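All remarks here apply to the structure that follows.
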Amino acid sequence: MSLLVAVTWETQPWVERFARYLPGRAIVVLGEEFDRSKIRYVATWGPKPGSLDRLPNLEAIFSLGAGVDHLMGYPGLPDVPVVRVAQDDLTHRMSEYMVMHCLMYLRDHARFAAAQRAKRWEEDRSPPIAADVRVGIMGFGVLGQDAARKLKMMGFDVAGWSRTPKSVDGFTVYSGEGGLSEFLARTDILISLVPLTPDTRGILNRTLFEKLARDGRLGGPILINAGRGGLQVERDILACLDDGTLKAATLDVFEAEPLPEDSPLWEHPRVTITPHNAAVSEPEATARYIADQIHRHEAGELFQNIVDRARGY
Ligand code: NDP
Ligand code: OXD
């Protein structure tokens with residue numbers, strides 16, 4: 001059997017890992033000569049149109065990340081299970097990111113960094129503690145729930161929002177359109193970890209920001225988006241930062257990536273930008289996870305974390 005690695009990234013780290021965890025099997029990459037009828041699995045991120053066509057013996061497509069919006073838009077996506085990444089390495093990286101940025105806002109890091117640059121000893125007599133700050137996590141799935149647990153451990157007052165109602169020990173979880181306004185009204189730091197689907201595209205917009213709590217201890221609502229850039233309306237974020245509807249934003253994902261050099265987000269004093277690295281799919285852990293899935297499947301078990309194409313995630 002062959003595994004086709006279809007990525008636009010450097011392929012060598014992936015090929016090496018797959019060869020290690022799937023010994024004795026052919027690992028091929030796009031651009032090489034290979035027999036398409038031998039391909040049983042594809043591991044891919046952002047496949048170019050046509051690259052997944054004419055694979056008559058394909059049994060599964062593995063997304064090399066947790067998100068699958070890059071596949072849902074592929075014209076004529078082969079009708080085989082699409083399996084996404086949901087494993088600890090990726091999950092822990094995302095939680096590190098969320099805990100770090102929430103703590104930086106809690107401790108007003110940007111203010112003290114500026115004070116240091118100005119050699120100014122800035123008094124700070126009654127700063128809030130984590131318990132004073134309400135974090136709201138949009139997208140209460142694998143990543144959202146792990147971040148919630150770790151933020152709660154730090155003392156933050158955390159709630160979630162999901163598409164369907166769910167009960168998660170220790171958290172209030174709001175759901176659907178009906179629960180959104182109440183969720184936003186109790187949120188000082190809004191974390192976005194929803195997948196990009198037709199229902200969520202553009203959801204991070206002015207109408208939503210205006211519903212965030214305005215009585216919190218941080219001096220205004222804060223947005224942290226590490227879901228997808230297509231969730232956010234960047235001109236609304238900028239306008240809301242400028243008129244005080246938002247106090248600050250941390251953005252890991254953008255409408256266009258890489259973020260164009262002329263984007264005003266780069267220089268906005270209250271925007272923190274990271275290059276879509278909140279949680280990278282590290283080749284070692286990801287290849288091991290995919291090899292495990294292949295071994296399960298070949299032992300007659302079901303793949304884990306199969307994407308529901310009707311929902312789009
Ligand atoms: P999951 O599928 O486990 O969780 C998704 C959550 O979003 C679920 O709670 C789901 O609700 C909720 N959701 C989906 N659609 C809606 C909607 N219309 N309204 C309300 N809630 C909705 O995904 P993960 O937690 O594993 O990953 C989330 C996203 O994080 C990925 O899709 C990807 O875009 C992004 N990501 C970004 C990375 C980065 O480095 N920036 C790295 C990894 C992932 P329900 O529970 O009811 O199904
Ligand atoms: C992912 C990502 O979806 O890295 O895993 O964005």
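Restricted to the range 266-297, and to residues there that are among the aliphatic types (A, V, I, L, M) and out of contact with any Phe, Trp or Tyr (no Cβ under 9 Å at 6 or more places or on another chain), the residue that is most open to solvent (accessible area, probe 1.4 Å) is VAL280. Considering only residues in the range 235-256 that are open to solvent by 60 Å² or more (accessible area, probe 1.4 Å) and away from ligand 1 (no atom under 16 Å from the Cβ), the one that is farthest from GLY67 (Cα to Cα) turns out to be ASP243.
Within the range 38-77, the set of residues being touching a helix residue (DSSP H, G or I) at 6+ places or on another chain (Cβ under 8 Å), outside any loop (DSSP other than H, G, I, E, B) and open to solvent by 10 Å² or more (accessible area, probe 1.4 Å) comprises just one member, ASP69.
Scanning the range 106-143 for residues that are within 30 Å of LEU231 (Cβ to Cβ) and either in a helix (DSSP H, G or I) or outside the structural domain of LEU246 (by TED's automatic domain parsing) (or both) yields LEU106, HIS109, ALA110, ARG111, ALA113, ALA114, ALA130, ALA131, ASP132, VAL142, LEU143. Only a single item in (1) open to solvent by less than 30 Å² (accessible area, probe 1.4 Å); (2) near ligand 1 (Cβ under 8 Å from one of its atoms); (3) not β-branched (Val, Ile, Thr) is not met by ARG163, and it is number (1). What about PRO49, is it more than 16 Å from ligand 1 (Cβ to nearest atom) and in contact (Cβ under 8 Å) with a residue 24 or more places away in the chain? Criteria met by PRO49. In summary, strands (runs of 3 or more DSSP E) completely within the range 169-277 and bearing 1 or more residues that are within 30 Å of ALA310 (Cβ to Cβ) and touching a residue at least 60 places away in the same chain (Cβ under 8 Å) occur at 189-192, 222-225. Let me spell it out: the conditions are (1) closer than 26 Å to ALA114 by Cα; (2) open to solvent by 30 Å² or more (accessible area, probe 1.4 Å), and LEU259 meets all of them except one. Which number is the exception? Of the numbered conditions (1) closer than 26 Å to ALA114 by Cα; (2) open to solvent by 30 Å² or more (accessible area, probe 1.4 Å), the odd one out for LEU259 is (2).
Somewhere in the range 206-227, is a residue at negative phi, within 8 Å of ligand 1 (Cβ to nearest atom) and of a type in the set (Asp, Glu)? No.
Remark: pairs (first residue in the range 84-105, of a type in the set (D, E, K, R); second residue more than 10 Å from ligand 1 (Cβ to nearest atom) and open to solvent by 20 Å² or more (accessible area, probe 1.4 Å); Cβ separation under 6 Å; 6+ apart in sequence or on different chains) = ASP89/GLU282. Taking into account only those residues within the range 144-168 that are assigned to a strand (DSSP E or B) and not β-branched (Val, Ile, Thr), which is farthest from ligand 2 (Cβ to nearest atom)? Within the range 144-168, the match that is farthest from ligand 2 (Cβ to nearest atom) is ASP157. Within the range 78-105, the set of residues being in a loop (DSSP other than H, G, I, E, B), within 16 Å of ligand 2 (Cβ to nearest atom) and either buried (at least 20 other Cβ atoms within 10 Å of the Cβ) or not small (Gly, Ala, Ser) (or both) comprises ARG84, VAL85, GLN87.
The values are calculated or read from the model by the stated rules, or taken from the named source; none is laboratory data. Keep in mind it's a predicted model, so treat the numbers as computed, not measured. FYI the Cβ positions are ideal-geometry reconstructions off the backbone, even for glycines, and counts take in every protein chain you see. Heavy atoms of the whole protein, side chains included, go into the accessibility calculation; ligands, DNA and RNA do not. Shrake-Rupley method; radii C 1.70, N 1.55, O 1.52, S 1.80 Å.
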